[in-house]
Each structure stands twice: as structure tokens, then as C-alpha cells.
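S.K.: Right, I'll just put the structure down here and ask away after.
The values are calculated or read from the model by the stated rules, or taken from the named source; none is laboratory data. Keep in mind the model is a prediction, meaning the values are calculated, not measured. Here the Cβ is made from the backbone with ideal geometry for all residues, glycine too, and neighbour counts use every protein chain on show. Just so you know, the surface numbers come from the protein's heavy atoms only, side chains and all, with ligands and any DNA or RNA stripped out. Shrake-Rupley method; radii C 1.70, N 1.55, O 1.52, S 1.80 Å.
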Amino acid sequence: MATLEMPRERAAGGSLFGNVQAQFHHAADVMKLDRDIRKMLATTTNEIEIHFPVKMDDGRIEVFTGYRVQHNNVLGPFKGGMRYHPAVSLDEVRALAAWMTLKTAIAGLPFGGAKGGVSFDPSTCSAGEIERITRRFTFALGSNIGPEYDIPAPDVNTNWQVMAWMLDTYLQMMPPQDRFRCTHVVTGKPIESGGSLGRDKATGQGLVFVVQEWAKDNGFTLQGSTFTVQGYGNVGSWAARLLQALGARLVAAEDATGAIDDPAGMDADGLAVHVQRTGGVARFSGGRPASHEAFLATRADLFIPAALENQITADTAPLLNVKLVAEGANGPTHPAGDTVLKDRGITVIPDVLANAGGVIVSYFEWLQNKRSEFWDLEEVDAKLRKTITRAYRRVAEAAAKNQVDWRTAAHIVALTTLSKVYQERGIFP
């Protein structure tokens, strides 16, 4: 099981869904989005809150709270991750579901947006307890998920193992003759259970493809460049390892266990092994301990926030000493922090574009399952690069045309697509 990411105590207060709505309405104002379409996209479609009992290892019963928010499905089935974290709340899941709607529209995928999770700390539970929580939550969701209706995937503190348990539980709920037609009910599965090659690194790989495009556009050379990573889980560690392979140098890293740095560079692969073995970046022999403030102030070319939401705020944004922020996490930048970065001339490639690689390859996995196909890694990577590069170009063009920042441009791209579909199809009845 993955370790917990950055502690929420470092996040800014306020409603995360409120942040999403502020970003949404700003882009809607710029593009003069139709008033009625704005109303429909500003709210969620379904919000499911479930309380379910689970027997723990010591025999006691604990009652857990789980959520699934389905934001919009005008483009296709709801799609989005499931996270396990003590700070999971309805407000957070609403925000994440709305971002997923935008992300799939920007990437040109036939999916809508959803998100879910269970509020608990998996680091305090055994593997058996996490399995029972997962299976009971899946059973409680019942028909609220489905391979052609709402497709979960891994997120913070969930992984291929959790998806395998979700898959198996869902299949047991189906008639025997239908089970093999439902393997695409979740993505991010183990390869042997219908997963796709390249899914484990997809979010980090997509982020690196986007950074490469930005580098081309700005005459920037990745060879010899420097970068920092916040959150060294799946996304952060893969992005670091892939950037290192391109000649970039990791000079600082931070997660819930602390921060480390080394101006001469740290071995991204070795750090990934250390985190897998110990649960965090702290005490890595290839780096020296650093404070949170020192980590943020590290001089580098690129910063990859890949932890939790609202890490870059009005207070922390002035500390950053980088050229580019590529958001590996969902919502790592508070709107007030965004304003500071914009005023300082620091480019932000927003989450709805930068970390779209995960849902893109999830779509590829879903397709492979539906078609009873299995693609090799080269095909997956080539299709991912083509898809996310096309999305990058659409956002770049919108930014230039509207003379706006990249986040606003990305929202305009998504809202333009969603608006066209509503205009073409109309509203029933």
C-alpha cells in the first residue's frame, strides 16, 4: 500500500469545491459561456455517501464513511479515482470529480468526471483490514458503479491491489454468465487481471511528455536542468525517474515524512527504492534533511507538486524559486497562490492537463478490456504521447488566442467541448 502523501495541515483552509467553482466561473466569464450551460456544469449530478461496518483484526466493528460523486457524464461514462485518506470529505470529492470532467474533455476522451474515496488512514490498518474495507465499500456502492456507467481507478493511497479487490467483489455481484463482460468496471488493475502495460507510470509519463513539449516551445533544454518533487508516491517518483533519464537532476524531494535535498543531485531511482522500503523520503542516504520552507525555496528549473491539494498558497508561493510548475497532484495550487505565481512570471501547467496521463491510459485499458485486446508498452506510450500532446497544443492555442494563463486556457478548452455537446444534443425533455 502506498504511503500517505503530504499532511493536510499544510493546506490552506476553505472549500476545495469553492476553489474549483472560482476557476470555472473565471474561465466561463472569459469565454462568455452560455448562462444555462454554466448552471448545469457548475453542479454535480449525483452524490453518494455511504456508511458501512467492517470487522477489524481484533474483532471490533468500525463504521467507515465512503463517497462517490458523479459530476457530469455528457461525454460518456463517469470516470475517476478512489482515494483512501483520513481527510476525504464530500467537499473534496466534489472538487476532484469536477476536475475529472474537465480533464477528460481536455484530453478528448469519451468519459465524464467522478471521484470517490473512504475516510480513514490506511497506514494504521493491516492488509486484511484494507481488503475488507475495500470489498465492503464496493458492495455498498452496488450499481452506482459499472463498466459502462462509472469506472473507478487508483488514486491517493490506493493501487493495483485495491483495484483487484474492487474488481473481484463487483464480479461476484454479477450473474456468472456476465462476469467476463465486466472486467472494465475498474482500471489500474494488475496486468494478469486485465490491466494495461504502462498504467503504473502513466500519470508521471504524461507529465513528462507535457514538460518536453513546453521545453520545445520555450527553447529550454532538459539535459542538465534541475527539478524538485513534492510527494514521492506513484506520480512523483515516476516523473522524477523519467526526467532523470532525460538528463535532468533531482535536487530536493518532500513527502509526509519530511524533506531532503542535495544541490549536486539525488538518485531518483534509488530514492524510489528507499521510499518503497521505508515508507517515505526521510533518512535517504543520498540526501540531507531539509525544512519544509527550505524545500519550497530550493532553486530549480521545475517544481512538481505531486502530493495533496492546496500546497501552493499565498504564503508558500512567494518561496518558490523555479521557472515552471507542472502539477502532478490534483488541485495543489490554491487560487491565491495561482495569483502570486502569475504575478511572479512562473508558468503553471495545470493539473487538468499535466496529470491527465493516468486517465488517458485508463481509457486505453478500458478499450483493451472491451475489445479483448492487449497492447504492448510501445503502443501504449505512443498513443499516450499523441493524445496528451494534442491536448497540450489545444491548451497552448487557447492561451495564445485568449491571452490568458494556462489554467484558464485549459478550462476554456474543456468548457468549449462540453458546451458544444449540450448545444448539439439539447436538454431532455
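S.K.: In whole Hz and in residue order, list the ³J(HN,Hα) couplings for the stretch 188-196 that follow from phi through the Karplus curve 6.51 cos²θ - 1.76 cosθ + 1.60, θ = phi - 60°; x for Gly and Pro.
M.R.: Values per residue, Gly and Pro as x: x, 7, x, 4, 5, 9, x, x, 10 Hz.
S.K.: Rank Arg288, Arg136 by accessible area, highest first, at a 1.4 Å probe radius?
M.R.: Largest to smallest exposure gives the sequence Arg288, Arg136.
S.K.: So what J values fall out for the stretch 308-320 if you push phi through Karplus, 6.51 cos²θ - 1.76 cosθ + 1.60 with θ = phi - 60°, rounded to Hz, Gly and Pro as x?
M.R.: 10, 6, 6, 8, 9, 10, 4, 7, 8, 4, x, 7, 5
S.K.: Compute the length gained on full extension between Ala264 and Asp121: take 0.36 nm times their separation in residues and subtract their Cα-Cα distance, giving the result in nm to one decimal.
M.R.: 47.9 nm
S.K.: Excluding Lys55 itself, what net charge comes from residues whose Cβ is under 11 Å from its Cβ, given Lys and Arg +1 and Asp and Glu -1?
M.R.: -1
S.K.: So how do Arg60, Arg425, Arg135 rank on accessible area, 1.4 Å probe, biggest first, that is with the largest at the start?
M.R.: My answer, sorted largest first, is Arg425, Arg60, Arg135.
S.K.: Over the chain, what portion of Cα pair distances is larger than 29 Å, expressed as a whole percent?
M.R.: The share of Cα pairs beyond 29 Å in the chain comes to 42 percent.
S.K.: Sticking with this structure for a sec: Please report, ordered by residue number, every helix of the chain (full DSSP H runs) that is 30 Å or longer along its axis going by C-alpha atoms and whose mean Kyte-Doolittle hydropathy reaches -1.0.
M.R.: 377-402
S.K.: Once the Cα gyration tensor of the stretch 1-157 is found, what semi-axes does its equivalent ellipsoid get, as square roots of 5 times the eigenvalues, in whole Å, sorted largest first?
M.R.: 30, 18, 12
S.K.: 5 Å is the cut-off here: which amide hydrogens, built 1.01 Å from N in the peptide plane, fall below it relative to Lys79, excluding neighbours closer than 5 in sequence?
M.R.: Under 5 Å from the amide H of Lys79: Gly112, Gly113, Ala114, Ile151.
S.K.: Report the Rg/Rh value for the stretch 83-172, based on alpha-carbon coordinates and the Kirkwood definition of Rh.
M.R.: A ratio of 0.97.
S.K.: Let me ask something additional. Modelling each spin label as a point 7 Å along the Cα-to-Cβ direction, I'd like the Arg277/Phe52 distance in nm, to one decimal.
M.R.: It works out to 3.7 nm between the two label points.
S.K.: For the chain, set up a GNM with springs between Cα atoms under 10 Å and report which of Glu129, Glu62, Glu213 has the largest fluctuation.
M.R.: Glu62
S.K.: With N residues in the stretch 211-360, what two-decimal value do you get for its Cα radius of gyration over 2.2 N^0.38 Å?
M.R.: 0.95
S.K.: Still on this structure, I have one more. What distance in nm lies between label points placed 7 Å from Cα along the C-beta direction at Leu90 and Arg288?
M.R.: Once both label points are built, they end up 5.0 nm from each other.
S.K.: Show me, for the stretch 218-231, the HN-Hα J-couplings you get by feeding each phi into the Karplus relation (A = 6.51, B = -1.76, C = 1.60, θ = phi - 60°), rounded to Hz, glycine and proline as x.
M.R.: 10, x, 9, 9, 6, 4, x, 6, 10, 8, 10, 9, 10, x
S.K.: To two decimal places, what compactness ratio does the stretch 317-429 give when its Cα radius of gyration is scaled by 2.2 N^0.38 Å?
M.R.: 1.29
S.K.: Would you mind putting 347-353, 64-70 in packing order, based on average other-beta-carbon counts within 10 Å, highest first?
M.R.: 347-353, 64-70
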